[in-house]
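These notes are about the structure you will find just below.
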Ligand code: SF4
């Protein structure tokens, strides 16, 4: 190897794509004989994989870099991800040894090793708009062998008014279908039972490839690994058309769980956000999904307090959320992200208004979650078990509810479970049999 074995700690902020990329870099380092530190353990090197989706995420990214520097001042620190892509000078000024952006993960691993010999200072941040190739990274997960993530796509060309991501990740690039199929076959052979398909905006998968789309890829993946459940990451509402739903419904190993990013339930707000659908179109998508997958979980993200959002528009959003009956939702108070169109809009709302609306939307989210959980009682569902604490096993249903049972389960096994009740934000059940 030529390098001494080092212990590397990962601090990951932001979305599932960042989690995937940190896991992949950790896997590359482990392949070369290095050790990944457990949480809280002092390390020889720190990789801080940052996020810039909101001003608050940038602040937390900065704080994480400072924390790593104070944890072990002799350690090598490497900063990468969306925040250091957008603000490399800021990242450099904190005193990191390596400053990378949202590309070249393989090179970061090489540079980290070199840094132990030279203590050199390396800045490698490209212009994301010039990227044309997808950087393939090994899929898997750091812990256990239950659920793996596979990143199939990077970049975004939607330029929603509040979002900085297209500037941090560049144009749409996709993992070629044959490579995705080989990765999935490998993961199935390694014993993984569920695959989560992730990307920055997976609905645009294939935009840069000839004649292939997300549904074509999902069909190939489901067929390549029939013993694995396949779960889709966040979809843009425009994807949910009749043909898409019909083809999904023919895939027996597809999880009936769909995350559709709504962001607002007011057409006027959606327009200002630069989102390319109306509430009517969005609702039609949820109806279609429910017609093909009657007990599916439909989850969403909401941004409240977007510039100019009136009380009436917010009320419309609440009514629309209720109409869609989401099974779970994440609520974000709008946070001004410098460099975006929305940050320059007049009528920015006060923090108090944003906080109050976020609280009201989250309350509604909890109420809807409760109804969804109650509606599961009496159903029989396949549960993939992952953990056991004091004899109580926990796992996930295909429609994304956590279920706990007393005994009888085994790690990584899918069992048929009758749902008998609702506990604290999860379901209770009894095992009927293993698959
Ligand atoms: S679709 Fe919109 S919100 Fe999502 S990453 Fe692209 S620009 Fe950002």
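Miscellaneous remarks
- Residue in segment 213-222 that is in the same structural domain as residue 150 (by TED's automatic domain parsing) and assigned to a loop (DSSP other than H, G, I, E, B) present: yes
- Selection within segment 300-310 - over 10 Å from residue 269 (Cβ atoms) and either surrounded by fewer than 22 Cβ atoms within 10 Å (Cβ to Cβ) or modelled with pLDDT under 95 (or both): 301
- Screening 256, 294 for residues that are over 27 Å from residue 17 (Cβ atoms) and more than 16 Å from the ligand (Cβ to nearest atom) leaves exactly one candidate, 294.
- On the stretch given as segment 202-231, residues that are within 16 Å of the ligand (Cβ to nearest atom) and out of contact with any strand residue (DSSP E or B) (no Cβ under 9 Å at 6 or more places or on another chain) total 0.
- Only a single criterion out of (1) under 30 Å from residue 55 (Cα atoms); (2) surrounded by 13 or more Cβ atoms within 10 Å (Cβ to Cβ) is not satisfied by residue 363, namely (2).
- Of residues in segment 265-287 being within 26 Å of residue 374 (Cα to Cα) and buried (at least 18 other Cβ atoms within 10 Å of the Cβ), the one farthest from the ligand (Cβ to nearest atom): 286
- So residue 331, is it under 25 Å from residue 56 (Cα atoms), surrounded by fewer than 20 Cβ atoms within 10 Å (Cβ to Cβ) and outside the structural domain of residue 52 (by TED's automatic domain parsing): yes
- Per-region count, segment 119-169, residues at pLDDT 95 or above and at positive phi: 2
- Failed item in (1) within 16 Å of the ligand (Cβ to nearest atom); (2) part of a helix (DSSP H, G or I); (3) touching a helix residue (DSSP H, G or I) at 6+ places or on another chain (Cβ under 7 Å); (4) not assigned by TED's automatic domain parsing to the domain that holds residue 172, with residue 302 passing the rest: (2)
- Counting residues in segment 64-71 that are touching a helix residue (DSSP H, G or I) at 6+ places or on another chain (Cβ under 8 Å) and surrounded by fewer than 22 Cβ atoms within 10 Å (Cβ to Cβ) gives zero.
- Filter pass, residue 89 being farther than 26 Å from residue 232 by Cβ and at pLDDT below 90: no
- Only one of 337, 322 that is under 27 Å from the mean Cα position of the chain (by Cα) and surrounded by 15 or more Cβ atoms within 10 Å (Cβ to Cβ): 337
- At least 2 residues being under 17 Å from the mean Cα position of the chain (by Cα) and away from the ligand (no atom under 12 Å from the Cβ) is the threshold, and among the strands (runs of 3 or more DSSP E) wholly inside segment 121-201 those reaching it are 147-154, 194-199.
- Hey, residue 116 within 16 Å of the ligand (Cβ to nearest atom) and in contact (Cβ under 8 Å) with a residue 60 or more places away in the chain or not: no
The values are calculated or read from the model by the stated rules, or taken from the named source; none is laboratory data. Source: prediction; values computed, not measured. Glycine also receives a Cβ, built like all others from the backbone with ideal geometry; neighbour counts cover every protein chain displayed.
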